[in-house]
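Structure, as structure tokens:
The values are calculated or read from the model by the stated rules, or taken from the named source; none is laboratory data. The structure displayed is predicted, hence computed values, not measured ones. As a convention, Cβ positions derive from the backbone with ideal geometry for all residues, glycine included, and neighbour counts pool all protein chains shown. Quick note on the areas: whole protein, heavy atoms, side chains included, nothing else; ligands and nucleic acids left out. Shrake-Rupley method; radii C 1.70, N 1.55, O 1.52, S 1.80 Å.
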Amino acid sequence: GGKVTSPTIAIDKAFTAAGAKKATHDYGTASQPGAPAYGIASAIGGRLMVVGGGLPVIVNGEVVGGIGVSSGTPAQDREVAEAGIEAFLKTV
């Protein structure tokens with residue numbers, strides 16, 4: 001049931017979360033017209049994602065990467081990303 005676009009979107013969500021060191025859903029409101037980050041979604045060739053599902057991976061207070069999930073709703077993608085981080089942190 002996944003969409004053919006989902007892998008690319010998930011990778012870009014992880015890229016955004018790791019590079020910006022913040023969750024992609026944090027950009028949702030900030031990227032609307034009149035807001036401080038308006039237009040950021042077109043930065044870096046359109047790779048920056050502003051919908052939920054991308055989270056930075058933080059170990060010992062440092063961002064060590066990002067996780068991105070796509071194909072569900074933004075809330076579902078975020079929930080799956082959170083579960084992925086939780087599982088990863090159990091291994092470090």
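Numbers below:
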quantity: Solvent-accessible area per residue for the chain (1.4 angstrom probe, square angstrom); calculated: 59 Å²
quantity: On Cα atoms only, tilt of 74-89 relative to the major axis of the chain in degrees; calculated: 30 degrees
quantity: Neighbour-limited loop hits for trypsin sites (Lys or Arg not before Pro), the chain (at most 12 other Cβ within 10 Å; DSSP other than H, G, I, E, B); calculated: K3, K21, K90
quantity: Partner aspartates and glutamates for K3 [C-alpha distance under 17 Å; skip if fewer than 8 residues away on the same chain]; calculated: D12, D77
quantity: Apportionment of accessible area to carbon and sulfur, the chain, percent (1.4 Å); calculated: 60 percent
quantity: The chain - mean residue ellipticity at 222 nm from DSSP helices (-39,500 (n - 2.57) per run, n ≥ 4, rounded to 500); calculated: -12000 deg cm²/dmol
quantity: With Cα atoms, 0 to 90° folded angle of helix 6-20 axis to the chain main axis; calculated: 90 degrees
quantity: Calculated Rg and Dmax of the Cα atoms in Å (choose from (i) 12.9, 42; (ii) 15.8, 52; (iii) 12.1, 33), label; calculated: (i)
